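*Asks:* To start, I am sharing the structure in question, which I have written as structure tokens.
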Amino acid sequence: MLLEGKIFAITGGASGIGKAAALEAARQGADVAITDLVSAEAVQQLLREIGDLGRRSLYYRGDVALAETALGFMAAIESQLGGLDVFVSNAGICPFHAFLDLPAETLRQTVEVNLLGAYFMVQEAARFMVRQGRGGAIIAVSSISALVGGAYQTHYTPTKAGVHSLMQSTAIALGPHGIRCNSVLPGTIRTPINADDLADETKAQGLIDRIPLGRLGEPEDLAGPIVFLGSSLAGYVTGAALLVDGGCFVNLQ
Ligand SMILES: NC(=O)C1=CN([C@@H]2O[C@H](COP(=O)(O)OP(=O)(O)OC[C@H]3O[C@@H](n4cnc5c(N)ncnc54)[C@H](O)[C@@H]3O)[C@@H](O)[C@H]2O)C=CC1
Ligand SMILES: C[C@H](O)[C@@H]1OC(=O)[C@H](O)[C@@H]1O
């Protein structure tokens with residue numbers, strides 16, 4: 001098992017990519033801490049599944065856009081699980097909208113959740129790991145959108161470039177503490193974040209046609225890469241970005 005005896009924490013772990021990664025971490029031997037916006041009742045089934053795998057779990061409800069959520073989440077992890085080895089900044093939103101009439105509030109909210117939320121969380125996780133003095137791994141869920149644009153994502157793609165850049169800079173800042181920092185760059189993965197967008201079958205098929213592996217991604221496609229980057233198998237990998245897109249990015253012509 002890749003994360004035997006480790007403590008794994010993730011934001012936005014109630015749904016989609018975060019939920020798949022949380023379950024895979026438990027399968028790979030880790031105790032799992034999750035934070036999300038949803039009620040504790042909404043994650044009971046997920047926590048039961050983690051328990052059935054023989055692992056401890058905790059759920060902390062909060063909004064990552066608020067700096068105090070990071071403090072509260074880390075305090076809960078310390079008191080209930082006793083440490084932190086792998087931290088994944090995953091929570092995010094993508095409210096598709098055209099550029100010219102984008103409301104300032106949509107821009108502000110997207111930046112606050114995706115970029116400031118990631119920053120607050122990564123900073124608190126790193127402080128915790130440095131205090132512990134046993135190194136660690138931090139992974140940010142960025143996107144292929146850190147590298148390419150989207151007409152309806154002008155407020156979103158800069159946040160994904162931002163978290164990719166955050167991992168590059170924190171890799172340098174935290175390397176001397178034995179903390180590795182990497183990002184995963186998913187292509188289009190079917191989750192609730194894009195259910196409405198992909199309900200347009202012409203758009204969905206257009207995306208699939210550009211993917212050499214011939215399908216959109218599923219949340220489980222990210223679970224392995226995230227666990228790998230958190231594990232000692234990736235012990236010399238830091239400051240890296242792993243595209244998980246079925247080959248979409250390289251498919252120019
Ligand atoms: N689905 C996709 O095609 C892609 C997704 N991503 C990124 O993956 C990450 C996870 O997204 P998905 O699993 O696809 O979507 P999702 O909607 O299934 O999961 C996102 C989770 O984040 C939580 N969340 C949203 N705002 C929050 C806040 N302010 N505080 C705490 N939790 C909050 C939601 O409640 C939800 O559980 C996001 O950062 C997204 O940008 C990146 C590339 C592609
Ligand atoms: C939510 C979108 O479908 C998804 O988000 C990303 O970051 C990808 O680039 C896709 O556009």
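*Asks:* Which is surrounded by fewer than 21 Cβ atoms within 10 Å (Cβ to Cβ), out of contact with any Asp or Glu (no Cβ under 9 Å at 6 or more places or on another chain), of a type in the set (Lys, Arg) and touching a residue at least 24 places away in the same chain (Cβ under 8 Å), of Arg180, Arg215, Arg190, Arg134?
*Replies:* Every option except Arg215 fails the conditions.
*Asks:* Now for a different question. Please go through the range 52-63 and give me each residue that is in a strand (DSSP E or B) and out of contact with any helix residue (DSSP H, G or I) (no Cβ under 7 Å at 6 or more places or on another chain), ordered by number.
*Replies:* The one that is in a strand (DSSP E or B) and out of contact with any helix residue (DSSP H, G or I) (no Cβ under 7 Å at 6 or more places or on another chain): Arg61.
*Asks:* Considering only residues that are farther than 12 Å from Phe8 by Cα and surrounded by fewer than 23 Cβ atoms within 10 Å (Cβ to Cβ), which ones fall in the range 79-98?
*Replies:* Ser79, Gln80, Ile93, Cys94, Pro95, Phe96, His97, Ala98
*Asks:* So, in the range 177-192, of the ones that are in a loop (DSSP other than H, G, I, E, B) and within 15 Å of ligand 1 (Cβ to nearest atom), which residue ends up farthest from Val38 (Cα to Cα)?
*Replies:* Gly187
*Asks:* Any chance you could count how many residues in the range 5-42 are under 17 Å from Asp221 (Cα atoms), in a loop (DSSP other than H, G, I, E, B) and not small (Gly, Ala, Ser)?
*Replies:* The number of residues fulfilling the criteria is 1.
*Asks:* Within the range 193-207, how many residues turn out to be polar (S, T, N, Q) and either surrounded by fewer than 17 Cβ atoms within 10 Å (Cβ to Cβ) or not in a helix (DSSP H, G or I) (or both)?
*Replies:* Result for the range 193-207: 2.
*Asks:* Name the pairs: first residue in the range 236-247 and among the small types (Gly, Ala, Ser), second residue not in a strand (DSSP E or B), Cβ to Cβ under 6 Å, at least 6 apart or on different chains?
*Replies:* So the pair list comes out as Gly239/Gln168; Gly239/Ala171; Ala241/His164; Gly246/Gly187; Gly246/Ile211; Gly246/Leu213; Gly247/Pro212; Gly247/Leu213.
*Asks:* Return yes or no: is Leu207 within 12 Å of ligand 2 (Cβ to nearest atom) and either touching a strand residue (DSSP E or B) at 6+ places or on another chain (Cβ under 6 Å) or at pLDDT 95 or above (or both)?
*Replies:* So Leu207 fits the description; yes.
*Asks:* Checking the conditions here, which among Ala151, Ala146 is near ligand 2 (Cβ under 9 Å from one of its atoms) and closer than 25 Å to Asn194 by Cβ?
*Replies:* After ruling out the rest, the residue left standing is Ala146.
The values are calculated or read from the model by the stated rules, or taken from the named source; none is laboratory data. A quick note: this is a predicted structure, and the numbers were derived from the prediction, not measured. Note that we place each Cβ from the backbone using ideal geometry, even for glycine, and neighbour counts take in every protein chain shown.
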